[in-house]
Amino acid sequence: MDVLQQLLKTFFDWQAMGEVIPQMLTVGLPNTLILAVSSGILGCILGLVLAVMGISRNAVPRWIARIYTDVFRGLPAILTILLIGLGFGPVIRLLTGSTNPFPLGIAALTLMAGAYIGEIFRSGIQSVDKGQLEASRALGFSYTSSMVLVVIPQGIRRVLPALVNQLIALIKDSSLIYLLGLLSSQREIFRIGNDAAANTGNLSPLVAAGVLYLILTIPLTHVVNFMDKRMREGKRARIEPDDVAGVVGKGAQT
Amino acid sequence: MSEFKSGSLTAKNIHLAFGSNKVLRGIDLHVPQGTTASVIGPSGSGKSTLLRVMNRLIEPDQGDILLDGRSVLADNPDELRRRIGMVFQQFNLFPHKSVVDNVSLSLNKLRKMPKDQARAKALEQLDMVGLKQKADARPGNLSGGQQQRVAIARALAMEPEVMFFDEATSALDPELVKGVLSLMTDLSKGGMTMVVVTHEMGFSRNVSDTVTFMDGGVVVETGSPDELFSAPKTDRLKGFLSDVL
Ligand SMILES: Nc1ncnc2c1ncn2[C@@H]1O[C@H](COP(=O)(O)OP(=O)(O)O)[C@@H](O)[C@H]1O
Ligand SMILES: [Mg+2]
């Protein structure tokens, strides 16, 4: 009985949770979203550039994209964040006078997300039927216009679920930014929970942080499942009978 | 009198190899203005490749291509392809765009027509193939026959001088073939210059002005439909006809 009581108090101390939740919602949540969403958007731009380089007919951009992707997918997130954040921190301070770790934190998350998103975009673009490029070129569009107008938009549509998965990963990975040293107002969800846990010697604030992450990520995973399902089943296209086939073409001879 | 500003098309001594696979070995084809040439032959004989070389989706290794008597090999290939419409076996409509946008895309982006004007012209073109009422549908919601007619409208919108058809009815359910063939027949009768790769021997015999039989990357026989179908000279054509008829 004592043990159970002890565990309940460690993880589910309602008072400790109640004290930290307002700050988590007003400070932590916006900061987590700023980190995840801005690196998600920048990561998509970087990823698109990498994908286009990756399918280039020229070997040089292809190789640059390949090496970049291998490096940034192969490193642990914590290492990239520390190297970028701590390594470039002093340079940024010298140039701008700012010590805000957010820009470099976002940069590090973007560099990593870009590598993953680039591969997602590339596979999506490459999965578009070859006939699409051929039909577009047969109309007289250049290779570049065909890619921009016809092939890439279809490739991106197909990988939307995978992109949402990346956003989920970024929401979680944004917690690592605490390593760069955050002012009180810069703390994201995890850091606020962690600080409160350290101060009270109780883990309940971290449990509250965990619940908040799940409130963000679980609906997103369901969005992914929904999109996947819709894509697999198609918004199934009611195929109509060829109702006017007999009307056109008075010249049928065959 | 022609409804189309069609032109003549000539291929001279076309050679093309994919690596060591010599797919086209000296093809000659002449399609006078306003006529329909059908190209028949067994699978793998190089018919699709010939069409792609003649609009320079693939560059020939050797030979010449003339549109209206003038060599086009030195031209910008993108501009050449605007003068030649192409219809594919698998339709290849753009699934992320509405039917009318499929047709107006090239008008808007290549002809630089304002959007509303391009749409109006595309609707006219769709009306011609009997599908104006489907303008705002997605291609995926149309039957195969309807999709192919949209693909024909898309190609016609650029007012091509020549139309290529690469087995345009081969992917269609039998009951949908007729609508597409009758549209192709109308185009042929309207004076469009056409090169039609087909397995539809009825179309080849009754609609086309000339028939060319290809096998193994060469033209084995060419002539009027009557000559080829009623009096084939070579054993290869006789064998092919007895297989398909
Ligand atoms: N893109 C390509 N790369 C390599 N070989 C090809 C390609 N396209 C066609 N071929 C080859 O060229 C030959 C002729 O093909 P094709 O022109 O499609 O014949 P057909 O249309 O008469 O059936 C075949 O042996 C085929 O494998
Ligand atoms: Mg073929």
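The values are calculated or read from the model by the stated rules, or taken from the named source; none is laboratory data. Note that the structure is predicted; figures quoted are calculated from it, not measured. Here Cβ is always computed from backbone atoms with ideal geometry, including for glycine, and neighbour counts include all displayed protein chains.
Given the options B:LEU107, B:LEU93, name the one that is assigned to a loop (DSSP other than H, G, I, E, B), away from ligand 2 (no atom under 16 Å from the Cβ) and buried (at least 22 other Cβ atoms within 10 Å of the Cβ).
Unique residue meeting the criteria: B:LEU93.
Go through the residues of segment B:46-53 one by one and say whether even a single one is of a type outside the set (Lys, Arg) and within 12 Å of another protein chain (Cβ to nearest Cβ). Among the residues of segment B:46-53, at least one is of a type outside the set (Lys, Arg) and within 12 Å of another protein chain (Cβ to nearest Cβ), which makes the answer yes.
All told, A:TYR143 falls short of being of a type in the set (Ser, Thr, Tyr) and within 16 Å of the chain's Cα centre (by Cα). So, in segment B:11-41, of the ones that are within 16 Å of ligand 2 (Cβ to nearest atom) and surrounded by fewer than 16 Cβ atoms within 10 Å (Cβ to Cβ), which residue ends up farthest from the other protein chains (Cβ to nearest Cβ)? The qualifying residue farthest from the other protein chains (Cβ to nearest Cβ) is B:ASN21.
Scanning segment A:121-154 for residues that are more than 14 Å from chain B (Cβ to nearest Cβ) and surrounded by 20 or more Cβ atoms within 10 Å (Cβ to Cβ) yields A:PHE121, A:ARG122.
Of the residues contained in segment B:79-86, one or more are found to be within 26 Å of A:SER127 (Cβ to Cβ), out of contact with any Gly (no Cβ under 8 Å at 6 or more places or on another chain), within 16 Å of ligand 2 (Cβ to nearest atom) and at the interface with chain A (Cβ under 9 Å from one of its Cβ atoms).
Of the residues making up segment B:161-200, those that are under 21 Å from B:ARG81 (Cβ atoms), out of contact with any strand residue (DSSP E or B) (no Cβ under 6 Å at 6 or more places or on another chain) and at the interface with chain A (Cβ under 10 Å from one of its Cβ atoms) are B:MET184, B:LEU187. Among the residues of segment B:66-86, are any in contact (Cβ under 8 Å) with a residue 40 or more places away in the chain, at positive phi, away from ligand 1 (no atom under 15 Å from the Cβ) and out of contact with any Phe, Trp or Tyr (no Cβ under 9 Å at 6 or more places or on another chain)? Within segment B:66-86, one or more residues are in contact (Cβ under 8 Å) with a residue 40 or more places away in the chain, at positive phi, away from ligand 1 (no atom under 15 Å from the Cβ) and out of contact with any Phe, Trp or Tyr (no Cβ under 9 Å at 6 or more places or on another chain). Among the residues of segment B:112-155, those identified as facing chain A (nearest Cβ under 10 Å) and touching a Lys or Arg at 6+ places or on another chain (Cβ under 9 Å) are B:VAL129, B:GLY130, B:LEU131, B:ARG138, B:PRO139, B:GLY140, B:ASN141, B:LEU142, B:GLY145, B:GLN146.
From the list A:GLY118, A:GLY85, the lone residue that is at pLDDT 95 or above, crowded, with 18+ Cβ neighbours inside 10 Å, in a helix (DSSP H, G or I) and within 20 Å of the chain's Cα centre (by Cα) is A:GLY118.
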